[in-house]
Amino acid sequence: MLRAAIVNSRSRGSHTTIRFEFDSTRCYTANMASEAGSSGLVFKTAWFSKAALKAHIPDRELCVAIWQVMLGRADDLGGGVFKKRLGKNLYRSIIVARGGRYRVYAFLFAKQDRANIEDKDLANLRAFSAIFARKTDADIRLELQLKELLEICHDEKAEV
């Protein structure tokens, strides 16, 4: 089993260098660029939170998956929409991430219930991604207060 913890993180301009230390003796470094100069904030919608709870997918697994998306280990559906496998490959999550500021878990479905995202749904998800690209910090704070969004992965010391 491959497990990693963030053991060192430092910023240089618009790049953040993160050193991953795995159970083996090897260490890996990943350079991740973002427009904001950091890895951005990670959220899940209230609907996604309920669906993940039913599917027994913990926030820790979501945080690992976000790092994998940032490393390019996800299906890029275009327009800031990504598809990532979760829950021992039994589920698919849809993440919207446009503009590098916010990454939002928006949709979850069981692999056995749905083969893929339909074109109409994909267009809606791309529009949702574009909305998040325009959101201000005040908009996000309001959605957090209303519990429409829940922040996750905010503790860098969490095991990733």
Residue that is surrounded by the most Cβ atoms within 10 Å (Cβ to Cβ), among those in region 48-78 that are without any contact (Cβ under 8 Å) to a residue 12 or more places away in the chain and within 16 Å of Y91 (Cα to Cα): D75
query: Could we say that F48 is among the aromatic types (F, W, Y), under 11 Å from the mean Cα position of the chain (by Cα) and at pLDDT 95 or above here?
result: no
field: Matching option when the condition is modelled with pLDDT under 95, among the hydrophobic types (A, V, I, L, M, F, W, C) and over 28 Å from L142 (Cβ atoms), among A74, A36, A30
entry: A30
message: Looking only at residues that are without any contact (Cβ under 8 Å) to a residue 60 or more places away in the chain and of a type in the set (F, W, Y) in region 79-106, which one is surrounded by the most Cβ atoms within 10 Å (Cβ to Cβ)?
response: F82
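The values are calculated or read from the model by the stated rules, or taken from the named source; none is laboratory data. Here the structure is a predicted model, which means the values were calculated and not measured. So basically every Cβ, Gly included, is an ideal-geometry build from the backbone, and we count neighbours across all protein chains shown.
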